[in-house]
Amino acid sequence: MSTATIAITNVRMALAAVLAPIAPADPPVVPFDPDAAIAPSFGIRWDDPWLEPSGQCRYNALLQIIAVTSLLEPSEAVADLESMVALAIDRMDADPYPWWVTRVGAPGRFPSGGIEYQGCIVQVRVPVATN
């Protein structure tokens, strides 16, 4: 991936490409907030605030990576989330674009499509261009 600033209209897809499965066991990535989750998977959505100023005519975007896994066995679900978070951070660290992890929330229950999953949110800050 180029280190030129990514346009705000392309940043979710760029992050999805960084997280995209490489190995068969890697979780799929949904580059938006889905109506119903697939476990295990990563979802990507905008955070609030969406944009923060970072200097004259420059902005950082805030995104959330939602990592979800099955809740059938809670102890395994937490271990799965730990692996998923490590995978996401490793992939972003390996990419030349500056994906800054600013927070990782504690594992908890995530309802989606009438089903409860175990999940957590990884907050990412990234420089973006507005045009």
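What the table below lists for this structure:
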{"quantity": "Ile44 being under 15 Å from Tyr117 (Cα atoms) and part of a strand (DSSP E or B)", "calculated": "no"}
{"quantity": "Pair list, Cβ < 7 Å and 6+ apart or interchain, from the range 89-106 residues that are closer than 13 Å to Leu62 by Cβ to residues that are basic (Lys, Arg) and in a strand (DSSP E or B)", "calculated": "Trp100/Arg125; Thr102/Arg125"}
{"quantity": "Filtered residues of the range 117-131 (kept if loosely packed, with under 15 Cβ neighbours inside 10 Å and either closer than 16 Å to Ser41 by Cα or among the β-branched types (Val, Ile, Thr) (or both))", "calculated": "Thr130"}
{"quantity": "Residues of the range 103-131 satisfying the condition of being outside any strand (DSSP E or B) and touching a Phe, Trp or Tyr at 6+ places or on another chain (Cβ under 9 Å)", "calculated": "Thr130"}
{"quantity": "Hits in the range 64-84 (condition: hydrophobic (A, V, I, L, M, F, W, C), surrounded by fewer than 21 Cβ atoms within 10 Å (Cβ to Cβ) and closer than 10 Å to Gly119 by Cα)", "calculated": "Leu71, Val78"}
{"quantity": "Residue match in the range 49-61 (condition: more than 30 Å from Thr130 (Cβ to Cβ), among the hydrophobic types (A, V, I, L, M, F, W, C) and free of Cβ contacts under 8 Å to residues at least 60 places away in the same chain)", "calculated": "no"}
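Every number in this text was worked out from the coordinates using simple rules, so none of it is lab data. As the structure is a prediction and not an experimental result, all values here were calculated from the model. Glycine also receives a Cβ, built like all others from the backbone with ideal geometry; neighbour counts cover every protein chain displayed.
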